[in-house]
1. Leaving out ligands, DNA and RNA, and with a 1.4 Å probe, what % of the accessible surface on the chain is carbon or sulfur?
2. Calculate the spin-label point distance for Ser50 paired with Asn92, positioning each point 7 Å from the Cα along the beta-carbon direction, and give it in nanometres.
3. Taking amide hydrogens as modeled 1.01 Å from N in the peptide plane, which residues meet the under 5 Å criterion relative to Arg120, leaving out close sequence neighbours?
4. On full extension of the chain, what length is gained from Leu154 through Gln180, given 0.36 nm per residue of separation minus the C-alpha to C-alpha distance?
5. Could you tell me which of rounded, prolate or oblate describes region 78-149, using a ≥ b ≥ c as the square roots of the eigenvalues of the alpha-carbon gyration tensor, with rounded for a/c under 1.5 and, failing that, prolate when a/b is larger than b/c and oblate otherwise?
6. Of the listed values (i) 133; (ii) 124; (iii) 147, grab the one calculated as volume of the Cα convex hull per residue in Å³ from the structure here.
7. Expressed as a rounded percentage, what relative contact order does the chain have, with Cα pairs under 8 Å and six or more residues apart?
8. I want to make sure I understand the PRE zone here: with the label point 7 angstrom from the Cα of Thr99 toward its beta carbon, which residues in region 116-135 have backbone N atoms less than 17 Å away?
Amino acid sequence: MDHPGILHTATLLKDGRVLIVGGKPIVGEWLPGQNFIYDPSTEAFSDAGSLQVDRILHKAVLLQDGRVLIVGGDRRDGRRAQTVEIYDPETNAFSPAGTSAMDPLAALLLPSGRVFFIHRDNGNIALYNPDTQVFSPTGQSIGPWRSGATVTLLDDGRVVIAGGLKWSDDGHSPESIMDQIFIFTP
C-alpha cells in the first residue's frame, strides 16, 4: 500500500480477495477515497471505489450475497457518519443503503441474513435488514456501555456478548471490567 493506515476495516470477500475500507494514514492528512482491494494471488492492491462519506472506526460486514455492509464510524470533521453503504464486488462500487444514527460497538451477520448491531452509546441492540435497508430496534440492551466486548455467533443462531470495560457516566474513564455474559436470541 502506498499509504499504510489505521482505523480501517478489512473484509475477506467470497472470492478470496480482501476489501480494505476507510481509515487514515498513520502520519499526515486523510486521503479521500482510499479504499482498496488486496488480491493475495497477485499480492497487489487496486482501487475499490469511493465511499459517499470517508470514515474511520466503522464496521464492515460481509453479507450472504457477497456484498459488504459499511455502517457507522467517524467522519473527517469528527461527527458520526450517518450514511449506510454497501460495497458490491461485481461493480467495484459503493452505493447508499439507508441512514442511521447507529454507531456500532459490534456487528455480526446472523444466519437469517440480517445484521446484528450493538449501539456504542447505549448498548441497545438493533437488527439491519439488507433487503429493506432498515434498522429495527429489538428492545434489548447489553446495559452499560462496554468497549472491548466480544460478540460470537453460536451454532444455534444465538449471539454471546462477553467481557469488556464499563465506562463511567462521563465516558472518559473505565470503571470496571465486566464479568457478565449476555445471550441475545434473534
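1. 51
2. Using points 7 Å along Cα→Cβ, the separation is 1.6 nm.
3. The answer is Asp103, Leu105.
4. Using 0.36 nm per residue and subtracting the Cα-Cα distance, I get 7.6 nm.
5. prolate
6. Of the labelled values, this structure produces (i).
7. 11
8. 133-135
The values are calculated or read from the model by the stated rules, or taken from the named source; none is laboratory data. Just so you know, these numbers come straight off a predicted model, no measurement behind them. A quick note on method: Cβ atoms are made from the backbone with ideal geometry, for glycine too, and the neighbour counts reach across all protein chains shown. Surface accessibility is based on the protein's heavy atoms, side chains included, excluding ligands, DNA and RNA. Shrake-Rupley method; radii C 1.70, N 1.55, O 1.52, S 1.80 Å.
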